[in-house]
1. Taking the simple approach of a point 7 Å from Cα along Cα-to-Cβ for both residue 335 and residue 57, what is their distance in nm?
2. For a label point 7 angstrom out from the Cα of residue 389 toward its Cβ, which stretches of the stretch 25-53 have the backbone nitrogen within less than 18 Å?
3. Given a cut-off of under 8 Å on Cα pairs at least six residues apart, what relative contact order in percent is computed for the chain?
4. Using 0.36 nm times the number of residues separating residue 208 and residue 397, minus their current alpha carbon distance, what extension gain do you get?
5. How big is the equivalent ellipsoid of the stretch 230-337 along its three axes, where each semi-axis is √(5λ) from the Cα gyration tensor, reported in whole Å from largest to smallest?
6. What 222 nm value per residue comes from the helices of the chain, counting each DSSP H run with n ≥ 4 as -39,500 (n - 2.57) and dividing by all residues, nearest 500 deg cm²/dmol?
7. For the stretch 361-401, what is Rg from Cα atoms divided by 2.2 N^0.38 Å, rounded to two decimals?
8. Three principal axis extents, largest first, for the C-alpha atoms of the stretch 84-135, in Å?
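What follows draws every value from the coordinates through simple rules; no lab data is involved. Values in this document were obtained by computation on a predicted structure and should not be read as measured data. Heads up, the Cβs are rebuilt from the backbone with ideal geometry, glycines too, and the neighbour counts pull from every protein chain shown.
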């Protein structure tokens, strides 16, 4: 029986609709890695000499817009089969925004920031519809777990390929090998190729994934909002209905704190590589490729483990790993230590997306996936508002002219190198506090009167 299950799952990855769904993860992770994580912030800080908080505030504002609008969009997508339609509009808008600011000179900095914020809004907003399409390619919860892990693995594989694909446009060569008709343009050279790759690889989903209509199997008639006002009423109702699903609210609050830390790491890994580890763009590509490869392996393995092991236990282990790794990132002082820590963090990063999504999906009614994934997006995107600001706050406090940084410089003999690195080290270490808060809430420390979802006991019984 177990062997048949393995064969059934292995066969899934060759299905046209499943592969097309996974390729979208492959495509959008290229955008996240190349634009959000790797090149845009280092470009404005190192090349343009602009303060890093301009990036953090832009991200926070774009994520605030996503948090406010995505629940309504998710609820609207539940009425009929419109998830693919919304996903297409958001995807092409993201790609066109990136292409737009890639042609602008640095003197149009404010417009560039605006277009970057727009691209990030459409990228993040698209995930509401992409996540809710999971059950259009999965027949049941077990398949959904496996396919979710498969999608995450493809996504991080895409990030590796995307990094190498744009490196010639940045450096003018690929590890010394000249590429015909390609001229290096520095960090900004990564922008336009990323937009093109994103759109091309996202296209199979729109061609080959058939969106399933709302399930008619329900004891009560599902709400079918037809306008924005009705959609927000549906969101409010989903908040009230959350108490009907044991453990749902507790998970959402815990997920909020954990995602704060994860998002801050994703947004700032590029500048951390530059100013703390001291990597060149080529070295950074190798470094991030190792992180991403670890995420591929981790998401695939954890996805397979999640079929047999309680998702709740996996979430706890992953959270503890994040606490330890971020604290160690703050104190490491040798390159080899960062390489080891980064591989470990990559496994954890793949685990978060692989485990959290199906854990949430199993607690909600399948005929209202868009509405509840809108609620899920609300907490995740709200975390992406707070996460960058949390990082920026600690960076400001401990920079050389900040309140605590200047005080430390006066009290102790701090080298110029340490003065540059200190705010980055403190900022990344402070993120462990957010994960710890999320873990304690998830374990039941707090005044959320809910109990763990029954799915765990069912899994154990199996």
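1. Going from the residue 335 label point to the residue 57 one covers 3.6 nm.
2. 52-53
3. Working: 733 pairs, mean separation 122.2, N = 462.
Normalised by residue count, the contact order of the chain is 26 percent.
4. Details: separation 189, 0.36 × 189 = 68.04 nm, distance 5.04 nm.
Result: 63.0 nm gained on full extension.
5. On the way: eigenvalues 232, 67, 38 Å².
Result for the stretch 230-337: semi-axes of 34, 18, 14 Å.
6. Working: 16 runs with 331 residues, N = 462.
After summing the helix terms and dividing by residue count, I get -25000 deg cm²/dmol.
7. Numbers: Rg = 16.7 Å, N = 41, 2.2 N^0.38 = 9.0 Å.
That ratio works out to 1.85.
8. Dimensions of the stretch 84-135 along the principal axes of its Cα atoms: 46, 13, 11 Å.
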